[in-house]
Structure formats: structure tokens, C-alpha cells
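The next block holds one structure in the form of C-alpha cells; read it before the comments.
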Amino acid sequence: MNDQATRVLLIEDNPGDADLVRLRLVESKSLVEVTCVDRLSDGIASLGLHPPSVVLLDLNLPDSHGAETFRAVMANSPDVPVVILSGQDDEALALKAVHQGVQDYLIKGDITSKQLERAMRYAVERQALLRSLEITRKQQLEFKNQFLSHVSHELRTPLTCIHQYVTILLDGLAGPMAPEQTDHLKTVLKSVNQLHAMIRDLLEATRAESGKIRVEPRCISIGELIQQAVTMMRPIAGERQVGIEIGLDNRIPLVHADPDRILEVLINLTDNAIKFTSPQGSVMVKACMVEADEHAVYVSVTDTGRGISPDAKALIFERLYQDPELIDNNRTGLGLGLFICRELVKLHGGKIWVASEPGQGSTFTFTLPVYSLAKLLSPVIVFEQRLRDHMVLVKVELTPLAKTLHGNWRELWHQSLETLRRCVHLDKDLVLPPMGGSAAAQTFFVVASTDLARAEIMMARIRGQLQRNEELKANATLAVSAVPVDFAAPPADASLDKQVQTVANRVTEIIMASMAAEPASPGNGHATSNSIRQVQSVQKESSKCPNRKS
């Protein structure tokens, strides 16, 4: 194969077959070093310690059988070529293996030394070629993304200049104009705004494709976001004489999501629904729960428009796709909106799909994860299969001063949040996701597995670290406080999960009372019971969600 020894990992549990393979390798007069193991687990361990040049793999081992065997090997070492040595002449299995990345499939009883040597050499060379092609593809993608990003940024400057001068003329600051001139300038302004939107989408899609989009999940109310999106889109719907309604189940729990990104998804889907719905039609934006999936909230946008053909449904979320059957007047974008929606939903761990028939309207549905405080708390408040003895809730409040520049505040509180996360013990404390939307003041909470006396040490550390930020000191006030997480002891026979849920409920009570500036007394959670239910539980009797994807 070459002048250097080829390292071969042989995973074979039959001693006779293993000896036969070694004999064939000796007969080929190739310079090889063979390591033989008889179990898949041992083979995977060897792959991690000393990656070989090629793997010769038997499919039926004591701890694995069939296709799962080669899938496990390739999952652990995707860059190492695999050649299967099988006792079965199974063409279907051979095709499946090759389609999933195996380099060759040989029958043990028919192997000659020349065949084995050639199969190994080709496997190594093909794998090297595949790696080279993948590197080239990534380089081309990066070049394309850089080019698009550069061109898009360069286009923004002249477009901004055009926009400013057109608005100056329309506002009459350069003198009076005839009605016909005003109409022409309004057309120019509309086109400039469309170009701005296209450039924004192009930049966003480029970031999505290169994995550079960030989401900042918070504990938010999806109902409030839907209300905000519909309020923003109602004037556009009114212009097109399209009705727009909201359908919310009041038992919808809070979700763990980035409010700005999800608002972007909602506006995009709602704008499309209005755009492709005829006058006197209607659009419904809805959020609901599904009994079979209690860990997700289902959000849907339904219209009474022209619908989508089956061919278009298969491609509608792809980058730059536009349905050729759509009316030209509706083509005001680049076909990037739904692609961006898909990428944003995926970053939240959700999924998005469309249900539609030509002439019957369309329903776009996406899912978001339910905010589960108990799930977040469990790793830090449980030790050796029991709750920790003490827990404290630390509250960190950042309030911007009047002179704070709005453009800097978001970055400032993000820096503070990262500093706060460095001030806690990862195995015993938890910085909770920020609550609510992008409000001016920011409040962070930390659940600490300690008592109040030791919590003072943490609070002093937090104050000290945050006050080292000169920009924060100049632009905001800082307040750090703590209260014990006291709760009624659960029944003696309660499971550990129920005990954690009890703690989560109490933490939620304290937070909600704190955010509402209400005192939180032990055992009295009536004022916040609705909020507790919203955060902690998913009601099984929720309304049906349309067109659920299995």
C-alpha cells in the first residue's frame, strides 16, 4: 500500500476468521500492523486511543449485530475507512452499508490476499479523497458566505443614502413637490425598503448557513409574543382587507426561547400568510398544547389563501426557493424567509412544517420547548439521590441610569450575565435563564445549594466581579439580595422527581412574587398560583393543535 506500515484494526470474534485475515495480510506482502479485538466496545475504545489507517469489521459480534455495528464504528471515528468482512452474501445489506459510508463489503470465504490488499488500499485512498472534497466544499461555502456578506454590507451604505435623501424630499424639507413627483418618490422608497429587507435576509441566511446565528433563550410568554407580532402586522392586514385573529389557550406554559428570534419567525410567517391571502380572507395565529407531546408548545399560522402544491411543499423551506406558480406581484423577497425561520426554530430544538392543499389555505406550525424549571434544577439540587440540605435564591438587579445609551445596554447586561455565570459553582448552583422579554431593567436569579450565611460569600463575589466593570458602574445601579428557599416537606414516600418539582414550584413562587414586588410567605402561594401553573405544568386537557406532525 505504501512504504510505511498500515495500522489495521480487526474487529472479529471468531479466532479462525481472525487467523485467516492475518494470513491473507501476510500473503499480500504488505507492511501492516494488526490489532485484533473480539468485541465492538473494545474496538471503539481502541479507535479512541490509537486511530488506525483502516478498520476490518465483522458485523455479528457478541455485543452488536448487523447494520448497528458499522454505524457505531463510523459514529465514533467518521474519518477512519471501514471495510466489512461478512460471512453473509447479502447484497441488500452491502448496498445499505456502502450508502451509509462503508468503503467496501467482502465475503470472508471468498477473500484472497490480493482482494484484501486492494480493498484496504482503495478504502484508504477513497476516504482521503472524501476528506479532501469535504474540506474543499467548506472552503467554497466560506468563500461564498464571505462574498455575500461583503457585497451585502457594501450595498447598505448607498441604499441608506438613497433612503435618507428620498425621505428628505418626501418630508418637504427640500421644498414643495408636485403630487406626481411625490408618487414617484414613494415608489422609489418602497423599492429601497424592499432592497433593505432582501439584504437583511441575505445576511441572516448567510449567518445561518455558516452556523453563526446565536439565540439567547429566556423564560418567556409565547402569548405575549403572538400579541406583539399580530399588533405589528394588523395595519398591513388592514391594507389588504385580510382579517387577522389570535387563538390562545390560557393554560399555555412559558417557553424557553429567544424572544427577538421567535418574534422574527412569527412576523415572517404572518407576513407570508397575509401576502398570499385574497381580500376578505383571514389569518389565525394560534398557540396550543398537544397531549402526546407535553414538553413542547405548538405555534401555528393558518391562512385561507391559495394553498401550496405538493411539489412546492417539499422545497418551500429551502434557501432561495420561490414557488413558480405564485403571482409575480407577490415576489418581494429572495425566498429566504422560510429558510431563516427553519434555521431559527432548529436552533431552539424545535421543528417546523407546513400542511396545505391547493385552494384550501395553509398552516405553518412550529414547536418550542416548554420552560421546565425542575429539569434545570435537578442536576444542582440533587446529591447522592437526595435533595441538598439548604438552598438559597440570589437576586441580581441591574437598573440602567437615565443617561445609559440604549444601544449599549443589551451588550452590557450580556456581559454581566456572563460574569455572573463565572461567579457560581457549576455543580451546586444554577443561573436561571433571564425572565421575560428585552426589558430595560434586567433581573437575574441564581439557585445556590447553600445556606444564607455562605450565600453572603457568593453575593460579595458577585458584587465585586460586576463592579469591576467600569462601564456597568457608570451606567447602572446594582442590587444583590438573597432569600432562603423554604418549602413544605413532601410526603415521605414522594419520588425524587416530585421532591424536585416541589422545590421548583417554591422557587417559582418566590420569583413571581419578587417580580411583582409582592411578599412571598411560606405556604401561601395563592397570588402566584396561575403563574406557577404556567411555568411548571402542561395541562393535558389543552385544546387540539391543528395538523400535528408525527
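The values are calculated or read from the model by the stated rules, or taken from the named source; none is laboratory data. If you're wondering where the values come from, they're calculated on a predicted model, not measured in any experiment. Here Cβ is always computed from backbone atoms with ideal geometry, including for glycine, and neighbour counts include all displayed protein chains. In case anyone asks, the SASA skips ligands and DNA or RNA and just uses the protein heavy atoms, side chains included. Shrake-Rupley method; radii C 1.70, N 1.55, O 1.52, S 1.80 Å.
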Original post:
What FRET efficiency do you get for Leu129 and Leu23 if R0 is 30 Å and r is their Cβ-Cβ distance, rounded to the nearest 0.05?
Top reply: 0.50
Original post:
From the residues Thr187, Met120, Tyr165, which one has its Cα farthest along the dipole of the chain in the positive direction, the dipole being from +1 and -1 charges on Cβ of Lys/Arg and Asp/Glu about the Cα centre?
Top reply: Tyr165
**OP:** Can you pull the one-decimal nm distance between simple spin-label points at Leu49 and His295, each 7 Å off the Cα toward Cβ?
**Re:** 3.5
Original post:
Suppose every K and R has +1 on its Cβ and every D and E has -1 on its Cβ; what is the size of the dipole of the chain about the Cα centre, in Debye to the nearest 20?
Top reply: 1180
**OP:** Kindly provide log₁₀ I(q)/I(0) values, in the same order as q = 0.13, 0.15, 0.16 Å⁻¹, from the Debye equation applied to equal alpha-carbon scatterers of the stretch 355-512.
**Re:** -0.68, -0.83, -0.91
Original post:
Whose amide H sits under 5 Å from the amide H of Gly305, counting only residues 5 or more places off or on another chain, with H placed in the peptide plane?
Top reply: Gly361, Ser362
Original post:
Which percent of the accessible heavy-atom area of the chain goes to carbon and sulfur, probe 1.4 angstrom?
Top reply: 53
Original post:
Hey, what do the phi angles of the stretch 106-114 turn into as Karplus ³J(HN,Hα) couplings, whole Hz, using 6.51/-1.76/1.60 and θ = phi - 60°, x for Gly and Pro?
Top reply: 10, 8, 4, x, 9, 6, 10, 4, 5
**OP:** Diagonalise the Cα gyration tensor of the stretch 167-267 and give the resulting equivalent ellipsoid semi-axes, square root of 5 times each eigenvalue, largest first, whole Å.
**Re:** 35, 21, 11
**OP:** Note down the magnitude of the dipole of the stretch 74-219 about its Cα centre, charges +1 on Lys and Arg C-beta and -1 on Asp and Glu C-beta and zero elsewhere, to the nearest 20 debye.
**Re:** 300
Original post:
Taking θ as phi - 60°, what are the ³J(HN,Hα) couplings along the stretch 413-427 by the Karplus curve (6.51, -1.76, 1.60), each to the nearest whole Hz, with x for Gly and Pro?
Top reply: 6, 5, 4, 5, 5, 5, 4, 4, 5, 7, 8, 10, 8, 4, 8
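Mind checking the full-extension length gain between Glu397 and Ala441? Use 0.36 nm per residue of separation minus the Cα-Cα distance, one decimal, nm.
Once the chain is fully extended between Glu397 and Ala441, it gains 15.1 nm.
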Subject >> Space enclosed by the convex hull of the alpha-carbon atoms of the stretch 1-58, per residue, Å³ >> reply: 64
**OP:** Would you mind checking the pairs Lys212/Lys346; Lys375/Lys498; Lys375/Lys395; Lys286/Lys346; Lys212/Lys375; Lys375/Lys428 and listing those with alpha carbons more than 18 angstrom apart?
**Re:** Lys375/Lys395; Lys286/Lys346; Lys212/Lys375
Subject >> Calculated from backbone phi, Karplus (6.51, -1.76, 1.60) coupling profile of the stretch 194-208 in Hz, x at Gly/Pro >> reply: 5, 5, 4, 5, 4, 5, 4, 5, 5, 5, 5, 5, 5, 5, 5
Subject >> Three semi-axes of the equivalent ellipsoid, the stretch 186-229, Cα gyration tensor, whole Å, largest first >> reply: 27, 20, 5
Original post:
Given the convex hull of the Cα atoms of the stretch 154-202, what is a quarter of its surface area in nm²?
Top reply: 3.3
Subject >> Under-5 Å amide H pairs with Lys351, H placed in peptide plane, nonlocal only >> reply: Thr367
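Heavy-atom accessible area per residue, the chain, 1.4 Å probe: how many Å²?
Numbers: 29140 Å² over 550 residues.
Using a 1.4 Å probe on heavy atoms only, each residue of the chain averages 53 Å².
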**OP:** Mind putting a number on the dipole of the stretch 58-112 about its Cα centre? Charges go on the C-beta only, +1 for Lys and Arg and -1 for Asp and Glu, and I need it in Debye to the nearest 20.
**Re:** 120
Original post:
Over the stretch 25-149, with a single point scatterer placed on each C-alpha, what log10 of the ratio I(q)/I(0) does the Debye formula yield at q = 0.15, 0.19 1/Å?
Top reply: -0.73, -1.09
Original post:
On a 0 to 90 degree scale, rounded to 10, what angle separates helix 452-467 from the longest Cα axis of the chain?
Top reply: 80
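For an R0 of 45 angstrom, estimate the FRET efficiency from the Cβ-Cβ distance between Ser113 and Glu142 and round to the nearest 0.05.
0.55
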**OP:** At 0.36 nm per residue, minus the direct Cα-Cα distance, what do Ser41 and Gln465 gain on full extension? Give it in nm, one decimal, please.
**Re:** 148.0 nm
Original post:
Convex hull over the alpha-carbon atoms of the chain: what's its volume per residue in Å³?
Top reply: 240
**OP:** Tell me what the chain gives for mean residue ellipticity at 222 nm when only DSSP H runs of n ≥ 4 count, each as -39,500 (n - 2.57), the sum divided by the residue total, rounded to 500 deg cm²/dmol.
**Re:** -15500 deg cm²/dmol
**OP:** Give me the distance between the Cα centres of the stretch 414-434 and the stretch 471-489, rounded to whole Å.
**Re:** 12
Original post:
What is the calculated FRET efficiency for Leu95 to Leu185, with r their C-beta to C-beta distance and R₀ = 45 Å, to the nearest 0.05?
Top reply: 0.10
Subject >> When the convex hull of its Cα atoms is projected in every direction, mean area for the stretch 247-327 (nm²) >> reply: 7.1
Original post:
Separation of the stretch 445-460 and the stretch 260-291 by C-alpha centroid, Å?
Top reply: 44
